[in-house]
Structure formats: C-alpha cells, structure tokens
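Read through the structure below, which is laid out as structure tokens, and then see the notes.
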Amino acid sequence: MPADYEIKKDVHFVGVYDEFIRTFDIIMKTANGSSYNSYLIRGDEGVAIIDTVKKQFEDEFFENIEKLCSYDEIKYIVLQHMEPDHSGALKELSKRAPNAILLTSALGAKMTKDLYQHSLKVEKVGTGKSVSLGNKTIEFLSTPFLHWPETMSCYLKEDKMLFSCDVFGAHYCDKRLYNDKVGDFRYAFRYYYDHIMRPFKSYVVKALDLYEKFDTEIIAPSHGPILRARVERYFNRYRDWSTAVTYKKREVEDKIVSIFYVSSYENTYAMALAINEGLSTQKNIRANMYDLTALEDENMVNLLEESDGILVGTPTINADAPKPTWDLLASMAFVQRAGRKGATFGSYGWSGEAPGMLLERMKGLKMKTPLEPLAIKLVPNKEEIAQCVEYGKKFAEVML
Ligand code: FEO
C-alpha cells in the first residue's frame, strides 16, 4: 500500500482495485474498471473500519488492514451500504474481529443478518448519533435511497472528511487515488450519477442539504477517486444535476406529454399525429412526438424524465411490441417514476396485443394508466382518426 494512502493522519484507504471489471451490476459499462473503497480510522481508543469490499477481493483487503492494525483493535465496523461490493467481506471480518460492534442503519442491521448471518453486536445509527475513538469522532448521517433504502453516510469531525457511500462515486480505477492526481474521470463521474443516483434525485437533494451542514475538506466515496481538490464543485454538480428538471418545469409550467412511437407503414404514425392534435387542443399541455427508431438512448432518458405523461404507439409484430418500445420502458429505470401517467396505442394487422402488453409493463413500473389501450385495425379511417383525437383530449384531461 503506498504511503500516501494515509489520507489524513491515521485515516487510511484500505480498499481494493478491480482493474478488469467491464460491466458492473449487469447494466453499467466500466471501461476503466472500478475500486471498492474502504477506510480505516485509528483513534487513541481503537480502530474503525468503514465498509468492506467485494468478497472475491477480501484477501487483499485483509492484507491492507493487517499492515495497520491487529483485529482486536477494531472497535467498530461501519457498514454504510449492504450491496455486496461493500459488504462482501463482512462475514470474514466478523470472524476475525468478533468483538467489534457493527454500526449501520436500522434497515441495514436487518439486512446484514439476512445476508451474512454474522454474530457481531449491532448498533443502529443515523443522523444525530456519533461514536468516539478518543481523539476522532464519527458522526452518522441518514441518507436513504442513495441508492438502496438502507444507505447512510458518515462524517469524521476532526478531519472534516465526508464518507459519502455511493454518492459522489465513480467506476474509475486509478491507483493514484486522489482527484487531483488521477486521469480525467469526469465522464465516469457523470455516468455513475446518471445510472445510480439519477432515479433518486429528490433523495440526492436531501442528502446534499444534510452534507452541506458540515464543513467538508475531503469527500471519501465508496468507488473511484477520493475528492480532496475543489470539493465544492462536486456538491455543486450533484445539486445542478438533481434539480435541473425542477427548474425547467418551473419555467414551463405546462404539463409535458411525450408521444413515443414506432410505425412500419405510417398507420400508427397517423394515430400519433391525431392523438397529438387532441392533446394540443388543451391549454397547459405541451405535447411532442418522437420516432423511437431515431432516438439516441441518452435523449430518450432525458425526454422521459421531463415528461409528465408518456404515450407509446406501436404496431404488433409477431404477437409482440417491437424492441425499441421495450427499450423505452426499460429506460424508465433511470428516472423517477412516481406520478407519471401513461397510455398506449397502435395500428395492427391481426392480433394487436402490443399496446396492451406495453400498458401492463407501465403498470408494473407503477405508472398511472388512466385509459385503456387504443388499438385500430390497419389503416385508420376518418372516424377512427377522430377517435384518436378524442383519445388525446381525454389523456390531456386526466393530465390536468
Ligand atoms: Fe457500490 Fe451500491 O454499491
């Protein structure tokens, strides 16, 4: 372990580097690998370990710890998050340091038992609670849903260090460790935010409000570089990214309704046009149409996030909805879904089940689905086009 892995006096990085991981949590690309950051704090009355590492790297983790302390000096194990990339070595650590007290959130306490059946004494902690290591004090901060319900953070008072868990993390493996020494990781920092934190923006804002009550000189996240230079920039970035939509909505005030469609022979497209016309007859509705076959993924997620109402138009192909429509709904995983309304429609040749299938998926995503799917056989005639206009009006009414 390099000497400069002592971040502040008696505060050490004891994490590990996963240089060759290329996909994280099934969905994230990790071109630069990742790190599982763990920290050791030595006070004059004992040692605390903050988080562990992925199980397959635990040997290296224990080697790092053994260079700095004996296991019987470990007074506290702080587990901020139960996802196995941070809790994976807990079982083995609990055997090596059986007298340590496990400090975690109330929900985390239950989860650790379910996950690891350890026999450590557990104390539940959260905002307002702290523990002392003599000359060092760890204060606990409740920061749930970032990005699991049990997640929490800590603040090391004397050293002005914030241990932020996955918040401010990046999958970016660079053994130079500090943000002023590693390569350009801005893309990884933003990508991590978009995939992990973005669906929980309102919780990010709450966490920032809490963090900003403390004077932070160093942010020590659970992945990627330790942020010790220009710390305030990271707070500002997270706040900007987490409040941008709210600002836009404040400026627009209208309800934004997006019609996403695919159309083989312009029949579903004709329906989309008519629905758009119906929507646009209503004041305070701003409706727009998007051809899914020409929409980049990033734009798709941005549009979903901005939309109060989401209509999806699709033909039925081989008794299914085509892949771009499923991809659209899969992208809902990256945005907050609460309160969004959805509806589906489409032209069909034979069976026409695709709009119904997509509506079921919307229900599964806990979206509100006030209207039945509108399915029209082959080319919509004049009356059917009028029906589509009416459908758009009805959707606008439920939006308002
Ligand atoms: Fe890095 Fe959510 O675990």
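The values are calculated or read from the model by the stated rules, or taken from the named source; none is laboratory data. Small disclaimer: the values here were computed from a predicted structure and weren't measured. Every residue, glycine among them, receives a Cβ derived from its backbone with ideal geometry; neighbour counts consider all protein chains shown.
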Contact list, first residue from region 206-226 and free of Cβ contacts under 8 Å to residues at least 40 places away in the same chain and more than 16 Å from residue 11 (Cβ to Cβ), second anywhere and in a loop (DSSP other than H, G, I, E, B) and more than 16 Å from the ligand (Cβ to nearest atom), beta-carbon distance below 9 Å, six or more apart or interchain, is none
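Of the residues 335, 301, which is touching a residue at least 60 places away in the same chain (Cβ under 8 Å), in contact with a Pro (Cβ under 8 Å, 6 or more places away or on another chain) and over 30 Å from residue 384 (Cβ atoms)? Break it down stepwise before answering.
Details: 301 fails: in contact with a Pro (Cβ under 8 Å, 6 or more places away or on another chain).
Of the residues listed, the single one that is touching a residue at least 60 places away in the same chain (Cβ under 8 Å), in contact with a Pro (Cβ under 8 Å, 6 or more places away or on another chain) and over 30 Å from residue 384 (Cβ atoms) is 335.
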Can you name the number of the only condition in (1) touching an Asp or Glu at 6+ places or on another chain (Cβ under 7 Å); (2) within 17 Å of residue 321 (Cα to Cα) that residue 372 fails?
(1)
Do we have residue 149 as within 20 Å of the chain's Cα centre (by Cα) and surrounded by fewer than 17 Cβ atoms within 10 Å (Cβ to Cβ) here?
yes
For residue 117, work out the one condition from (1) surrounded by 14 or more Cβ atoms within 10 Å (Cβ to Cβ); (2) at positive phi it doesn't fulfil.
(1)
Close pairs (9 angstrom Cβ cut-off, 6 or more residues apart or separate chains): free of Cβ contacts under 8 Å to residues at least 40 places away in the same chain and closer than 12 Å to residue 279 by Cα in region 375-400, assigned to a helix (DSSP H, G or I) and among the basic types (Lys, Arg) anywhere
none
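I need the full set of residues from region 106-120 which are among the polar types (S, T, N, Q) and either part of a loop (DSSP other than H, G, I, E, B) or without any contact (Cβ under 8 Å) to a residue 12 or more places away in the chain (or both), in order please. Full working, then the answer.
Filtering region 106-120 down to residues among the polar types (S, T, N, Q) leaves 112, 117, 119.
Result: 117, 119.
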Of the residues 7, 77, only one is more than 23 Å from residue 105 (Cα to Cα) and part of a strand (DSSP E or B); which?
7
Condition met for residue 50 (at pLDDT below 95 and within 16 Å of the ligand (Cβ to nearest atom)):
no
Can you tell me which residues in region 1-33 are among the acidic types (Asp, Glu) and within 18 Å of the chain's Cα centre (by Cα)?
25
Taking region 11-21 as the region of interest, how many residues are among the hydrophobic types (A, V, I, L, M, F, W, C), within 14 Å of the ligand (Cβ to nearest atom) and not in a loop (DSSP other than H, G, I, E, B)?
1
Restricting attention to region 55-84, which residues are free of Cβ contacts under 8 Å to residues at least 60 places away in the same chain, more than 25 Å from residue 127 (Cα to Cα) and more than 16 Å from the ligand (Cβ to nearest atom)?
59, 60, 62, 63, 65, 66, 68, 69, 70, 71, 72, 73
Matching residues in region 34-82 - criterion: being under 22 Å from the mean Cα position of the chain (by Cα), among the charged types (D, E, K, R) and within 23 Å of residue 4 (Cβ to Cβ)
51
Is it fair to say residue 369 is surrounded by fewer than 21 Cβ atoms within 10 Å (Cβ to Cβ), within 30 Å of residue 204 (Cα to Cα), touching a strand residue (DSSP E or B) at 6+ places or on another chain (Cβ under 6 Å) and hydroxyl-bearing (Ser, Thr, Tyr)?
yes
Being in a helix (DSSP H, G or I), among the polar types (S, T, N, Q) and surrounded by 17 or more Cβ atoms within 10 Å (Cβ to Cβ) is the requirement here; does residue 325 meet it?
yes
Taking region 85-103 only, how many residues are among the aliphatic types (A, V, I, L, M) and within 14 Å of the ligand (Cβ to nearest atom)?
2
How many residues are buried (at least 19 other Cβ atoms within 10 Å of the Cβ), of a type in the set (Val, Ile, Thr) and part of a loop (DSSP other than H, G, I, E, B) when one looks only at region 22-48?
1
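Please report, ordered by residue number, the strands (runs of 3 or more DSSP E) entirely within region 126-193 with at least 1 residues that are closer than 18 Å to residue 219 by Cα, within 16 Å of the ligand (Cβ to nearest atom) and not polar (S, T, N, Q). Spell out how you get there, then give the answer.
On the way: elements: 130-132, 137-142, 152-156, 161-165.
Answer list for region 126-193: 152-156, 161-165.
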Which numbered condition residue 6 fails, given (1) in contact with an Asp or Glu (Cβ under 6 Å, 6 or more places away or on another chain); (2) surrounded by fewer than 17 Cβ atoms within 10 Å (Cβ to Cβ):
(1)
